[in-house]
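Computed from the coordinates by the stated procedures, all read-outs in this text should not be read as laboratory data. Since we're looking at a predicted model, the values are computed, not measured. Using ideal geometry, Cβ is built from the backbone for each residue, glycine included, and neighbour counts are taken over all protein chains shown.
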Amino acid sequence: MPKIQKKIEELNQALIANGKKDVSLNPSEITTLRSLCRHLEASGATTTSQSIIGGLNLAVKLTTQWPYSDRMPGLDLLRLLAVAPETATFTNSRGLNILDILESGSTEQTPPADNHIMMAIRGIANLFETPEGRALVLKEFEKVQAFLTTSLSTSSTNRNLLIAAATTYINYAVLFNADTDSASFEYVIAALDALNKILAVATDSEVIFRSLVAVGTLLTVGPEARSAAKDVFDLGKSVEGAVKKAGEPRNKVVAREIGELLK
């Protein structure tokens, strides 16, 4: 937390020096920032406090109003705050929820920066920590899926981004298994499609491992998922190809389990 706070304050001083006082933080906001960082360092974001609530507004400002190149610390704060229930129910003055803010704040520049997108996806993955967050990402699955699909199509070689995306799909797969009534067949198909594409391009072992875990978990949602995996995506072939690229024991174990599910 001290590093994030220090970076934000340094960037803020640069904005002031460059005559951008309209978007720079005022003394009250600096106080909010310091209080938020102390709270996050001591308790994380799971305990409701005025620091969390005030910090959300501050992080949103950093993510949406600061120059695009300076937004990484704000996105990092939102990632940390995503585990708080208040974040999932937050809307700004324009009626945008946290998903809208993470997406727009990370992609406003063309082309967007991979690391900005990666941090936004990490924030989405953290929303699954609370019931409120899970309700939001389930309700907004199509919005999240569109963001992930676009991000993967333009940043398919960024390791950390791919790890964040695969982690998000693991979280969705677990959510679908916990409540099969919420597991729309279209959602499962969309997730399998995305993971199939990740496995096709991934070479990093951690990316492949998490993608395999997500696939295997999705296959346990029901027979329709397994049928689609075989007949629509030929996922067995994709899994074999991925393991050839990264054949460490844990990947082979998950691949065997997937193979059993696809029999």
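If you build a Gaussian network model of the chain, linking Cα atoms that sit under 10 Å apart, which residue out of 38, 210, 71 swings the most?
38
Please count, across segment 158-263, the pairs of lysine residues with Cα atoms under 17 Å apart that sit 8 or more places apart or on different chains.
Going through segment 158-263 pair by pair, I get 10.
Using a Förster radius of 30 Å, what is the FRET efficiency between residue 132 and residue 186 based on their Cβ-Cβ separation? Nearest 0.05, please.
0.80
Using the Cβ atoms and a cut-off under 14 Å, what net charge is assigned to the surroundings of residue 174, where Lys and Arg are +1 and Asp and Glu are -1? Before the final figure, lay out each step's value.
Numbers: positive: 134, 210; negative: 129, 179.
Overall, the nearby charge balance is 0.
Treating cross-link reach as a plain straight distance, find the lysines whose alpha-carbon is under 24 Å from the alpha-carbon of residue 21, omitting any fewer than eight places away in the same chain.
Cα-Cα hits under 24 Å: 3, 6, 7, 61.
For every other residue with a beta carbon closer than 12 angstrom to the beta carbon of residue 233, add +1 if it is Lys or Arg and -1 if Asp or Glu, then tell me the sum.
Working: positive: 197, 226, 230, 237; negative: 193, 231, 234.
With Lys, Arg at +1 and Asp, Glu at -1, the neighbours total +1.
Can you give the angle from 0 to 90° between the axis of helix 2-17 and the longest principal axis of the chain, with both taken from C-alpha atoms, to the nearest 10?
50
So how tilted is helix 72-81 from the main axis of the chain? Cα-based, degrees 0 to 90, rounded to 10.
Approximately 70 degrees, to the nearest 10.
Any idea how far the Cα center of segment 148-195 sits from the one of segment 6-25, in Å?
After rounding, the separation between the Cα centres reads 37 Å.
Just to confirm the number: angle between the C-alpha axis of helix 50-64 and the first principal axis of the chain, 0 to 90 degrees, nearest 10?
Once rounded, the angle reads 80 degrees.
How big is the Cα convex hull of the chain in projection, averaged over all directions, in nm²? If you can, show how the numbers build up before the last one.
On the way: hull surface 57.4 nm².
Over all viewing directions, the chain projects a mean Cα-hull area of 14.3 nm².
At residue 149 and residue 16, where each label point lies 7 Å from the Cα along Cα→Cβ, what is the point-to-point distance in nanometres?
About 4.6 nm separates the two model spin labels.
With each label point set 7 Å from Cα along the Cα-Cβ vector, what nm distance links residue 42 and residue 248?
Once both label points are built, they end up 3.8 nm from each other.
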